[in-house]
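**Q** The structure's right below; bear with me while I get my questions together.
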Amino acid sequence: MSSALAPTELRGFNSPRIGPNGVKVPTYLYKLGYDATTQKAWAHWQEIREGEMVGRPISYQELVQRTGVEFLPRTALPH
């Protein structure tokens, strides 16, 4: 699963908007990885800007904290 997020979709950020309808401009991109055999999840998180380089993956919990969205069912991850 991958998606782009505008900052208002992230907790505590203000989103730039464009056009007469105020369309949100995405500033972050994420991609969620999940291995069902090991029940491990991780995410790649990147700001959308010129010259941005790919960084180390972040934890699933960090992705949930940044987005406020639980992408996987609780049964997908070990407790």
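**Q** Quick query: amide H of residue 28 versus all other amide H atoms, modeled in the peptide plane; which residues come in under 5 Å with a sequence gap of 5 or more or a different chain?
**A** 5, 48
**Q** In a shell of Cβ-Cβ distance under 14 Å around residue 78, excluding residue 78 itself, what net charge do Lys and Arg (+1) and Asp and Glu (-1) give?
**A** +1
**Q** Also, quick follow-up: For residue 33, enumerate residues with amide H under 5 Å from its amide H, sequence gap 5+ or separate chain, H modeled in the peptide plane.
**A** 42, 43, 44
**Q** Mind checking the full-extension length gain between residue 75 and residue 49? Use 0.36 nm per residue of separation minus the Cα-Cα distance, one decimal, nm.
**A** Going from the current span to full extension adds 5.8 nm.
**Q** Another question, if that's okay. Using the Cβ atoms and a cut-off under 12 Å, what net charge is assigned to the surroundings of residue 45, where Lys and Arg are +1 and Asp and Glu are -1?
**A** That sum, taken over residues with Cβ under 12 Å, equals 0.
**Q** Please list 3J(HN,Hα) in residue order for region 55-60, calculated via the Karplus relation 6.51 cos²θ - 1.76 cosθ + 1.60 where θ = phi - 60°; whole Hz, with x for glycine and proline.
**A** Once rounded to whole Hz, the list reads x, 5, x, 10, 6, 4.
Rule-based calculations on the coordinates, nothing more; no lab input. Fair warning: this is a prediction, and the values are worked out from it, not measured in the lab. Neighbour counts run over all protein chains shown; Cβ positions are idealised from the backbone, glycine included.
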